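First comes the structure, then the notes that go with it.
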Amino acid sequence: MTGAELLLRSLEAEGVEKIWGYPGGAIMPVYDALLDSPIRHYLTRHEQGAAFAAQGYARSTGEVGVCMATSGPGATNLVTGIADAYLDSVPLVAITGQVPRHLIGTDAFQEVDMLGITLPIVKHSYLVTEPESIPQVVRQAFATAREGRPGPVVIDLPKDVAQAEVPGLPEAGLPEKCAPAIGLFGAPSAATPPDPPGADGLADATELLRASQRPVIYAGGGVEKGAAVDALRRFVAGTGIPVVHTLHGLGGIASDHPLFLGMLGMHGTRAANHAVQECDLLVAIGVRFDDRATGKLSEFAPEARVIHLDIDAAELGKLRVPHAAVRGDLRLALDALERSLDIEPWRQQCREWKQRWQWRYDAPFDEVYAPAMLRQLSQQAPSGSFVVCDVGQHQMWVAQHWCFEHPRQHLTSGGLGTMGFGLPAAIGVQIAHPEATVLNVTGDGSILMNVQELATIRRYNLPVKIVVLDNSALGMVRQWQECFFDNRESEVDLSDNPDFAEVARAFGIPALAIDRTQQVAGALDLLLESRGPMLLHVHIDRQANVWPLVPAGANNSQMIETSQASQSKPVTASL
């Protein structure tokens, strides 16, 4: 058996059934061995697309996603996807080809130091120096990607190691003893269940809950990563504490739950931000106090004591020192803290704020009003649908106006904020869930970042529904230039966009374009009823902005709903 064959056998032993990638010289032995493997390979049209497709699979299933590329530019094209997975805690194994061992360090053709390049953006990296070590490397890589706070792992495989024969391999399976792998930061341990929460932290948290009169739950992406969605819902039902979510926390409790106040932060709801600023206890669950959620950190929840629950000890006290820190399994911690609280006046106050500042959708113009259209699409989409977003104004409109059922059904690039994420990630989601409705909501800037993946959708006839919101501009950058740079626009004009419907048709994908409100209902029906892929090109007002907005350096109570440059225009996003 060759090293390449042993690699695939090791992946099969980890339950890998699907890989996304792109072949090339150094990884060619593995691609040759793929012909005899039951693992299904999906060819994307760019290595970055492979990394994001593997992420889509991982984010929507909770399993480890696997991507593969050759050395040099193939490997470096994976780097953005690896960094994205690291910042959003996504379990990913990236396999890269490398030049033969005797050429490493000689500036050989298509040689790059993948261990060095990815050092700050992975949980662990391996350079495989002996073919016998491959099974151990693969086992450790998958354990590391899964365990604790999930994240990406890189396996760099020299071509001669992939071609080498492994002597003495038992016919029945993989070798029982493997040579030690070369790794960074020491050898990782096997995957283990999360630690039980500490008794002292739970006792402190219990006392804080009992003393609180105005508590708020601030729940983030760690809830889903810790398989604690059901535990969170039990905790909310038992305590009756109002809830706000981060971007990646959305769906932790259903959007229509009476205690859900919305997303907090820069583009959060008034009710969510106001409740956090007025609370006397902040129950932070699986969050990292990111600046987009907190605004000016020193003035975030200024009257609140803090309970912080997280599996990652590095997050506890990193940005906000908690009064009670609980590290370990979120499910056990939430179940242990659940209790009835006498806070009805506070719940009533939060309900009043939610009612007072609810969204409005009666925009007084004929152009398509994006928030209203997205709300309607969310309501019409079948239960269990997935929405996959790129980055920009459309991303925030989805976060504000979509009806979320579960965090895994909402995929977007949060920590890195990567344009071009959505289309290839939707491919991974659709392959993982072939019977589900998968919607990619993107912008005219983002779609062109990885538009080549339309070919992947067509090749595998994936029924992904693509909605392109086209304002002929880099909308979020243009909005900030309008609000904070005296409306001096710099390099945001995209008025020379192609006709995206025609682009889709050129790839063999049916498409439709609309620009008026009265066209929305029929277009959404056609989109959702389409049996295969379809693209909907939606022209919207170039000046449309995302409101409310917390300016940089402001606290979350200092939200604005219009810019000086647009004060004469009606604001319809919220009351």
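Here are the numbers for this structure:
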{"item": "Residue check for residue 364: surrounded by fewer than 19 Cβ atoms within 10 Å (Cβ to Cβ), outside the structural domain of residue 262 (by TED's automatic domain parsing) and on the phi < 0 side of the Ramachandran plot", "result": "yes"}
{"item": "Residue list for segment 211-229, filter: at negative phi and either aliphatic (A, V, I, L, M) or free of Cβ contacts under 8 Å to residues at least 12 places away in the same chain (or both)", "result": "211, 216, 217, 219, 223, 228, 229"}
{"item": "Output for segment 137-157, where each listed residue is touching a helix residue (DSSP H, G or I) at 6+ places or on another chain (Cβ under 8 Å) and closer than 18 Å to residue 225 by Cα", "result": "149, 150, 151, 152, 153"}
{"item": "Looking only at segment 119-130, and only at residues there that are surrounded by 22 or more Cβ atoms within 10 Å (Cβ to Cβ) and assigned to a loop (DSSP other than H, G, I, E, B), the one that is farthest from the chain's Cα centre (by Cα)", "result": "128"}
{"item": "Residues of segment 23-57 classified as in a loop (DSSP other than H, G, I, E, B) and surrounded by fewer than 24 Cβ atoms within 10 Å (Cβ to Cβ), total", "result": "10"}
{"item": "Conditions (1) assigned to a helix (DSSP H, G or I); (2) under 24 Å from residue 229 (Cα atoms); number of the one not met by residue 341", "result": "(1)"}
{"item": "Residue satisfying all of: in segment 34-57; free of Cβ contacts under 8 Å to residues at least 40 places away in the same chain and not β-branched (Val, Ile, Thr); nearest to residue 412 (Cα to Cα) among these", "result": "47"}
{"item": "Wholly within segment 418-482, helices (runs of 4 or more DSSP H) carrying at least 2 residues that are surrounded by 23 or more Cβ atoms within 10 Å (Cβ to Cβ), within 20 Å of the chain's Cα centre (by Cα) and in contact (Cβ under 8 Å) with a residue 24 or more places away in the chain", "result": "422-432, 444-447"}
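Every residue, every condition in (1) in a helix (DSSP H, G or I); (2) over 22 Å from residue 14 (Cβ atoms); (3) without any contact (Cβ under 8 Å) to a residue 40 or more places away in the chain, yes or no:
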residue	(1), (2), (3)
59	yes, no, no
71	no, yes, no
80	yes, yes, no
89	no, no, no
94	no, no, no
117	yes, yes, no
135	yes, no, no
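The values are calculated or read from the model by the stated rules, or taken from the named source; none is laboratory data. Because the structure is predicted, anything quoted here is derived from the model rather than measured. For neighbour counting, all protein chains shown are included, and Cβ atoms are generated from backbone atoms with ideal geometry for every residue, glycine included.
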